[in-house]
Amino acid sequence: DAGITQSPRHKVTETGTPVTLRCHQTENHRYMYWYRQDPGHGLRLIHYSYGVKDTDKGEVSDGYSVSRSKTEDFLLTLESATSSQTSVYFCAIRGEPNTGELFFGEGSRLTVL
Amino acid sequence: TQLLEQSPQFLSIQEGENLTVYCNSSSVFSSLQWYRQEPGEGPVLLVTVVTGGEVKKLKRLTFQFGDARKDSSLHITAAQPGDTGLYLCAGRVYNNNDMRFGAGTRLTVKP
């Protein structure tokens with residue numbers, strides 16, 4: 001058990017509303033990642049963090065922002081949700097710094113109507 | 001275009017058959033991982049390969065990292081229905097901190 005929890009696990013919202021997904025870890029790992037998973041695309045990196053207040057963009061960052069004010073929490077925010085952001089979102093922590101092994105949460109399913 | 005190209009995208013075989021899944025890129029990776037994902041769950045790490053040419057075995061699964069560290073393969077011997085799932089390769093691009101995934105191979109093993 002990698003000690004990662006995501007909340008909420010399921011959310012239905014309307015287009016144009018803000019949404020925040022939370023990832024909480026108990027392992028004190030430096031690196032945390034947010035991915036989205038869609039059929040035919042595998043997992044695509046949205047943003048990642050390499051420390052408190054240190055974040056960087058991934059390959060599909062448009063429309064998303066992140067914040068990391070504490071080591072244990074990494075928040076993903078959709079300022080104004082769109083239907084194209086309907087997806088399953090996964091948070092991950094990087095266990096071994098050099099090899100990049102990731103440990104995932106159980107996912108957050110977001111539906112934007 | 002994804003950084004890591006996996007093939008095939010779908011694979012349906014009978015129990016007892018062998019199979020190979022490929023993961024290719026034009027980029028060099030510091031390390032490459034294979035994950036397996038069940039419906040409704042997050043991916044779970046199977047193996048990490050680090051050295052070019054490295055071969056690792058996990059029971060009936062054999063993983064190989066290409067000599068140039070740009071590609072990898074997963075070979076399953078005598079597949080069983082319990083092997084059914086989504087197999088994902090992922091890599092840490094050399095001198096980078098972001099971790100990229102392939103689109104995955106959905107394997108179905110029929111009894």
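The values are calculated or read from the model by the stated rules, or taken from the named source; none is laboratory data. Because the structure is predicted, anything quoted here is derived from the model rather than measured. Using ideal geometry, Cβ is built from the backbone for each residue, glycine included, and neighbour counts are taken over all protein chains shown. For the accessible areas, the whole protein counts, side chains as well, though only heavy atoms, and no ligand, DNA or RNA atoms are used. Shrake-Rupley method; radii C 1.70, N 1.55, O 1.52, S 1.80 Å.
Tabulated data
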{"quantity": "Normalised convex hull volume, chain A, alpha-carbon set, Å³ per residue", "calculated": "95 Å³"}
{"quantity": "Calculated from backbone phi, Karplus (6.51, -1.76, 1.60) coupling profile of the stretch B:61-75 in Hz, x at Gly/Pro", "calculated": "9, 10, 10, 10, 9, x, 4, 8, 6, 10, 8, 8, 9, 10, 10"}
{"quantity": "Long-range amide H partners of A:Gly58 with built H, under 5 Å", "calculated": "A:His47, A:Tyr48"}
{"quantity": "For chain A, size of Cβ-based charge dipole, Lys and Arg +1, Asp and Glu -1, in debye", "calculated": "160 debye"}
{"quantity": "nm² value of the averaged projected area, convex hull over the Cα atoms of the stretch B:58-99", "calculated": "3.9 nm²"}
{"quantity": "Whole-percent carbon and sulfur share, accessible surface of the stretch B:5-110, 1.4 Å", "calculated": "48 percent"}
{"quantity": "Gyration tensor (alpha-carbon) shape descriptor, the stretch B:27-96, a/c threshold 1.5", "calculated": "oblate"}
{"quantity": "Karplus-derived HN-Hα couplings along the stretch A:31-39 (A = 6.51, B = -1.76, C = 1.60, θ = phi - 60°), whole Hz, x at Gly and Pro", "calculated": "9, 9, 9, 10, 10, 10, 10, 10, x"}
{"quantity": "Compactness relative to 2.2 N^0.38 Å, alpha carbon Rg of the protein assembly as shown", "calculated": "1.01"}
{"quantity": "Residue-by-residue Karplus 3J(HN,Hα) for the stretch A:4-15, coefficients 6.51, -1.76, 1.60, Hz, glycine and proline x", "calculated": "10, 10, 10, 8, x, 7, 9, 8, 10, 9, 9, 3"}
{"quantity": "Peptide-level mean, for A:101-113, of C-beta atoms on other protein chains within 10 Å", "calculated": "3"}
{"quantity": "Which listed pairs, of A:Lys11/A:Lys53; A:Lys70/B:Lys56; A:Lys11/A:Lys70; B:Lys57/B:Lys110; A:Lys53/B:Lys59, have C-alpha distances above 32 Å, in listed order", "calculated": "A:Lys70/B:Lys56; A:Lys53/B:Lys59"}
{"quantity": "Partner chain coverage, peptide B:92-104 - average Cβ within 10 angstrom", "calculated": "6"}
{"quantity": "B:Glu15-A:Glu106 FRET efficiency (beta carbon distance; Förster radius 30 Å; 0.05 resolution)", "calculated": "0.55"}
